[in-house]
Amino acid sequence: MRIVNVAAAQMGPIQKADSRGAVVKRMIALMDEASARGADLIVYPELALTTFFPRWYVEDRAEFDSWFEREMPNDATRPLFERAAQHQIAMNFGYAELTPDGHHFNTAILTDKSGKIVGKYRKVHLPGHTYYDANRSHQHLEKRYFEPGDLGFNVWRELGGVIGMAICNDRRWPETYRVMGLQGVEMVLIGYNTPSENAERREEGTEKRMFHNRLSVQAGAYQNATWVVAVAKAGVEDGHALFGGSLIVDPNGEIVAEAETEGDELLVHSCDLDATSFGKTTIFNFAQHRRIEHYGLITSRTGAVPPPEK
Ligand code: CDV
């Protein structure tokens with residue numbers, strides 16, 4: 001057995017007015033609980049340090065640089081890294097990254113148990129739009145404030161296994177999991193902020209959106225025989241609702257833990273990385289069964305092109 005005791009640290013809402021310091025205090029409280037419950041790894045949401053600011057439109061995007069971190073750790077987050085080292089707990093969290101040469105990314109990091117950053121991921125699948133869209137019930141301006149990630153889908157040998165990262169909308173795309181699956185991933189860490197309402201289809205309802213959340217994560221786990229830990233920022237941020245439903249899914253695609261609230265809530269589960277080997281050596285033994293000669297369109301074509309009308 002190769003056990004990773006993982007803590008999914010769902011976070012309740014963060015208001016625009018909340019300081020980084022106040023948020024880090026909440027993250028530390030969740031970490032203290034995770035440590036008391038024996039966790040090796042704690043996973044926080046996408047953009048864990050701030051409100052989900054891409055819902056707000058500003059004409060001059062430079063005004064929003066205040067939501068971005070120029071270094072990691074920094075003064076606000078250093079206490080979190082120090083506590084992680086004290087507890088000997090690895091962590092994963094998301095934040096808005098502004099690089100020294102002026103690039104903006106929606107980023108997540110992985111640390112080892114000493115609090116050292118060992119992995120970085122920058123969100124590849126940015127949802128939403130670039131300009132103000134009056135037809136939507138709310139804005140989702142990730143394409144305005146971020147560039148698509150430039151690091152690809154890597155995995156890291158940590159915690160005795162092979163760990164990967166993705167962010168929010170990435171979880172809906174099978175390519176996300178498969179690229180990591182092809183590197184033998186055994187646990188995928190995903191933070192998310194998902195509005196409870198579909199901005200382009202209000203009648204959809206939160207339950208349907210939570211169904212799509214489970215469907216995507218469970219399929220990714222099963223089809224790649226990997227654990228997936230998906231962690232929400234939830235609740236009402238300045239009048240805008242995000243659903244919760246953080247979940248831990250086993251390599252068979254089954255949910256082993258799921259959040260019940262829309263607040264700060266910890267799920268802890270003991271994950272045996274060896275449980276990935278059955279799927280990886282049987283039905284999803286990629287080396288034995290994949291037929292790459294038929295998959296060319298996946299990387300040569302972006303949009304769907306139906307055949308000509310008869
Ligand atoms: N933060 C996100 O990437 N949210 C998207 C919403 C906009 C659909 C998601 O896939 O959950």
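The values are calculated or read from the model by the stated rules, or taken from the named source; none is laboratory data. Note that the coordinates shown come from a computational prediction; the quantities given were computed from them, not determined experimentally. Positions of Cβ are generated from backbone atoms using ideal geometry, with glycine treated the same way; all protein chains shown enter the neighbour counts. In case anyone asks, the SASA skips ligands and DNA or RNA and just uses the protein heavy atoms, side chains included. Shrake-Rupley method; radii C 1.70, N 1.55, O 1.52, S 1.80 Å.
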With a 10 Å cut-off between alpha carbons and a GNM built on the chain, which of VAL188, VAL217, VAL118 moves the most? VAL118
Just tell me the longest site-free run in the chain, where the sites are chymotrypsin sites (Phe, Trp or Tyr not before Pro) in a DSSP loop having at most 11 other beta-carbon atoms within 10 Å. 132-294
For SER66 and THR281, extending 7 Å from Cα along the Cα-Cβ vector and measuring point to point gives, in nm, a value of 5.7 nm
For the chain, what is the calculated [θ] at 222 nm in deg cm²/dmol (nearest 500), taking -39500 (n - 2.57) for each run of four or more DSSP H residues and dividing by its residue count? -6500 deg cm²/dmol
Considering only DSSP beta bridges where both residues belong to the chain, give the percentage that are antiparallel (nearest 5). 65 percent
Skipping prolines and chain starts, which residues have an amide H placed within reach, meaning under 5 Å, of the one on VAL162, given they are 5 or more residues away or on another chain? GLU186, MET187
Mind jotting down the distance between the C-alpha centroids of the stretch 63-79 and the stretch 179-214, whole Å? 26 Å
Suppose we keep just the DSSP beta bridges with both residues in the stretch 88-214; what percent of those would be antiparallel, to 5? 75 percent
Straight-line reach from LYS116: which lysines have Cα under 22 Å away, leaving out those fewer than 8 places along the same chain? LYS25
Roughly how many debye, to the nearest 20, is the charge dipole of the chain about its Cα centre, given +1 on each Lys and Arg Cβ, -1 on each Asp and Glu Cβ, and no other charges? 680 debye
What list of ³J(HN,Hα) values in whole Hz, one per residue of the stretch 161-171 in order, does the Karplus curve 6.51 cos²θ - 1.76 cosθ + 1.60 (θ = phi - 60°) give from phi, with Gly and Pro shown as x? x, 10, 10, x, 9, 8, 9, 6, 4, 3, 5
Spelling it out for LEU126: with amide H atoms placed in the peptide plane at 1.01 Å from N, the residues 5 or more places away or on another chain with amide H under 5 Å from its amide H are none
Kindly give Rg over Rh for the chain, based on alpha-carbon atoms, with the Kirkwood expression for the hydrodynamic radius. 0.96
So what's the gap between the Cα centers of the stretch 218-289 and the stretch 125-149, to the nearest angstrom? 26 Å
Taking placed amide H atoms and a strict 5 Å upper bound, the residues 5 or more places from ILE42 or on another chain that come that close are ALA7, ALA90, MET91, ASN92
Compute the distance in nm between two label points, each set 7 Å from the Cα along the Cα-to-Cβ direction, one at ALA134 and one at GLN223. 4.0 nm
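For ALA225, what is the net charge nearby, where nearby means another residue's Cβ is under 15 Å from its Cβ and Lys, Arg count +1, Asp, Glu -1?
-1
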Taking the Cα centre of the stretch 165-310 as origin, sum charge times position over the Cβ atoms of Lys and Arg (+1) and Asp and Glu (-1), and report the length of that vector in debye to the nearest 20. 840 debye
Hey, what's the chain come to in accessible area per residue, 1.4 Å probe, Å²? 45 Å²
Can you work out the PRE-style zone for GLU203? Point 7 Å along Cα to Cβ, and I want the residues of the stretch 97-139 with backbone N under 20 Å. 135-138
